[in-house]
Each structure stands twice: as C-alpha cells, then as structure tokens.
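Data first, discussion second: the structure below is written as structure tokens.
The values are calculated or read from the model by the stated rules, or taken from the named source; none is laboratory data. As the structure is a prediction and not an experimental result, all values here were calculated from the model. Every residue, glycine among them, receives a Cβ derived from its backbone with ideal geometry; neighbour counts consider all protein chains shown.
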C-alpha cells in the first residue's frame, strides 16, 4: 500500500473544495438577489446590464426633471392667474371711468385703484420665482431673472428749488441735475430746495385768480421741483399778509393755479429749459404720484423721505429695468446629450411695461383717457392669455413625457432584471445539490484518511 501522497484523500479534498466554492457562490447569489455580483460571474452580461442601468437611472432623473418643469409651469401660471384677475379688474375700471356720468373726482378715485393694480402687477413680475429662477422677469445677458435698470431720460432735467422770498434771496441758486440711476437698484435721489415762506400767491404765479382781497393778501408756503418741462408745486399752507384781510385756503390756491394752466415759471425761481406746465398740489403723496404718472416711461415709483444729512425732504425714485428678452428654461428629459432631449419653456417679461400698462391713465375731466385705456388693457389681457395658453400646452406635453419615460423605465428595468437578477428557485436547487455534494465530500475525505490507517497493522 502506497501512503506517501495519500492520493485518494487529495482527490476527495479537491472535490470537496470545488463543491464548497459552488456552495459559497449559491449563498452569495441567494443573499444578494443578483446572479451577477462581479464581472467574473458574467462579463458580457455585466456590460449589457450596466448600460441598461445607465439608461434607467438617467430616465428616472429625466422624469423628475419633467416633474420639476411642471412645478415651474404651475408656479408661473398661478402668478399669471392673479395678473389675469388684476387686468380684468382694470377692464372694469376703464369701462367705468369711460362713462360720462362720472365726475373728475370720481375718476381720480378710479385712478388710485389703477395705480395700485399696476404696481402689484410689477411686483408679481419681479418676485415670482421657482428654485431661485425668476420666471416672469425674462432674461438679460442669458442670466435668468437678471435686471438692468435704465437711466432716466436726459430730458428729465431736474431743478431742485424752493420758493423765493424775494429776488435778492439766492435767486439763481437752484441746482439742476439729471436723474441718475444706480445700475443695481434702479434708484436715485431728488432733493427739494429750501422751504420758503411768505411768497405772495398772486405775484409768484402771475395769472392765477383769487376772489376778493385774497388775490393780493394770500402768502403761501411750500416747495417746488421741476422734472422735465413741468414744475410741480406743493402748497403746504397759506397765511394772510394783512391780518385784517381775507386769505385763500391752500386748496383754493392749488385750484386757481391748476385752472390757470400756467406755462411760465413762478416768479423768483430758476428753471431749465422750456416750461410746459405748472401743476399744484396740497399733499406730497398726490404730487409724487403725478410725477410718476407723467414720466411713467422713466420712473417706476417715487417715495418721499427726510434726508438727515441735507436737512430737507428728498425723493427716492426707482427707474424701470430694461425689458429683458423672454426667459428660455430648458428641461432635459432624456439620457443622451442630444437637443432632441430638450424641452424649452419660453416666458416673456410680463411686467406692467411688458404688458403696456405702465402709466395707464383713466382720470381727467372727460372720458378720453379712460376710453383709450380700454384698448390698451385689451392688448395686455391678450398677452397674458397667450402666455398662459403656452404654459398650459407645455404642461400637457410634460405630462405625456413623464408617462412615456416611466413606461420606458419600467420595461428597461424588466429587461435588466432578467440579465442580472438571480432566479431564486434555480439557485435553491443548486444550493441544495451543492450542499449534499459538500457533505458527501466531507464523508469521503474521512473515509480516505481512515483507509490509510490499515498500513499500521503491517508495522506491528
């Protein structure tokens, strides 16, 4: 008997190792659920499976991209729904103001609501955004939502003056400048001159008519500023030069100035260029509203504040941003880099300027302005409707896109699963078979080792 190499035991051990390795692979496949856990399991199958996985992962994200697009569309449409409502309300107000039964004061009240609605349309356009992308601002320089503010037109020459007590007081000291606009904020500062008192109404504004002794006895206090070719006068208070004579009220002076339709600068003040008109007001709010409306193409809003440094009242003016190009939001809805996988969402800048509603006027002593406003509002309404219709069409397309992507993902996943996923029933059969073989191998190895022990009897 040859025992040097114990060939039978070696053979049994080799077969046991093979069976144990197969058993381990069965356990790996059963525990992971994959029949391909490493490239060596199926090199070709792994390559095909990974390409399918790439497609599945990409298409899944593409579906999410399309869903984000729907969310953005819904955000923009929600904002435009409010704009629609406001434009419809403007239609009602225009038709109302165009009726001959309304007085001038009635139309002024209508105009106040119009101004607020137009301002809100601008606010909605400026602030509506989805995930930091402004949707209704348009795009400037290919940057979504960026705004570049315009400089006020050079014709908006501003003369900062107060009232002059007499010709010897600083006549000609008025300072004039263009409205300068900050490129980032669109704001500029206009400063009134010193407030003067004791200016004769009839002398300063030659041509106005006040009743009785008030014509020469009324002194006024206030401020004035020239913007462009219009001088805006704020009559803050009146006083009697002679305590024994009557004086006109501030509202009476304002009415007299406006009724006179003056086209010459007040006596004692300095102006730039030609004066087209002089307009008077009893309140700061009404005056700055008139400035904004008259120069609506250059000035978006005006607010007054007290300048601590200069010690006088100043105006903060906000200019309009340039009308940006429409914003193009591209939605990538595929796994390839091809432009065929792009869906473009185009949204115009829908500010009041973009809709043609900026500076919309419905007031006045007749219905002419309101009648013209009806057609302007109709055009704005059509623009909003067209944009909403476009967004609705895009949303419908995106819903079909998502349905198709989900279908492709489902079928590709099924195909990939057939390549990579383990067949649990088959693997269980193989596992049981290899387990029996391993047990048998262990038993035969024991038998092989025991058989060689017989050689000891020959040595006794």
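Going by what's in this entry, would residue 183 be described as modelled with pLDDT under 85, in the same structural domain as residue 281 (by TED's automatic domain parsing) and buried (at least 16 other Cβ atoms within 10 Å of the Cβ)?
no
Considering only residues that are crowded, with 21+ Cβ neighbours inside 10 Å and under 46 Å from the mean Cα position of the chain (by Cα), which ones fall in the range 233-249?
Answer for the range 233-249, where residues must be crowded, with 21+ Cβ neighbours inside 10 Å and under 46 Å from the mean Cα position of the chain (by Cα): 233, 234, 235.
Of the residues that sit in the range 97-107 and are surrounded by 16 or more Cβ atoms within 10 Å (Cβ to Cβ) and assigned to a helix (DSSP H, G or I), which one is modelled with the highest pLDDT?
The qualifying residue modelled with the highest pLDDT is 97.
How about the range 35-51: which of its residues are buried (at least 19 other Cβ atoms within 10 Å of the Cβ) and part of a helix (DSSP H, G or I)?
Across the range 35-51, the qualifying residue is only 49.
Do we have residue 344 as loosely packed, with under 14 Cβ neighbours inside 10 Å, in contact with a strand residue (DSSP E or B) (Cβ under 7 Å, 6 or more places away or on another chain) and in contact (Cβ under 8 Å) with a residue 12 or more places away in the chain here?
Yes; evaluated as a whole, the condition is true for this residue.
Please determine whether any residue of the range 410-433 is under 34 Å from the mean Cα position of the chain (by Cα), part of a helix (DSSP H, G or I) and farther than 25 Å from residue 329 by Cα.
There is no residue in the range 410-433 that is under 34 Å from the mean Cα position of the chain (by Cα), part of a helix (DSSP H, G or I) and farther than 25 Å from residue 329 by Cα.
If you take just the strands (runs of 3 or more DSSP E) that sit entirely in the range 231-338, which of them hold at least 2 residues that are over 26 Å from residue 199 (Cα atoms)?
Correct list: 299-307, 312-319, 327-332.
Going residue by residue through the range 130-153, is there one that turns out to be modelled with pLDDT of 90 or more, crowded, with 20+ Cβ neighbours inside 10 Å and assigned to a loop (DSSP other than H, G, I, E, B)?
Checked against the condition, which is being modelled with pLDDT of 90 or more, crowded, with 20+ Cβ neighbours inside 10 Å and assigned to a loop (DSSP other than H, G, I, E, B), the range 130-153 yields at least one hit.
Which one of these is in the same structural domain as residue 64 (by TED's automatic domain parsing) and touching a helix residue (DSSP H, G or I) at 6+ places or on another chain (Cβ under 8 Å): 354, 441?
From the options 354, 441, the qualifying one is 354.
Among the residues of the range 200-227, count how many are out of contact with any strand residue (DSSP E or B) (no Cβ under 6 Å at 6 or more places or on another chain), within 16 Å of residue 242 (Cβ to Cβ) and either part of a helix (DSSP H, G or I) or in contact (Cβ under 8 Å) with a residue 60 or more places away in the chain (or both).
Here the count works out to 5.
Rundown of residues vs (1) surrounded by fewer than 19 Cβ atoms within 10 Å (Cβ to Cβ); (2) in a strand (DSSP E or B); (3) free of Cβ contacts under 8 Å to residues at least 40 places away in the same chain, yes/no style:
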position	(1), (2), (3)
71	yes, no, no
83	no, no, no
109	yes, no, yes
119	yes, no, no
123	yes, no, yes
126	yes, no, no
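Say whether the condition of being surrounded by 12 or more Cβ atoms within 10 Å (Cβ to Cβ), touching a residue at least 40 places away in the same chain (Cβ under 8 Å) and under 30 Å from residue 20 (Cα atoms) is met by at least one residue in the range 401-417.
Within the range 401-417, one or more residues are surrounded by 12 or more Cβ atoms within 10 Å (Cβ to Cβ), touching a residue at least 40 places away in the same chain (Cβ under 8 Å) and under 30 Å from residue 20 (Cα atoms).
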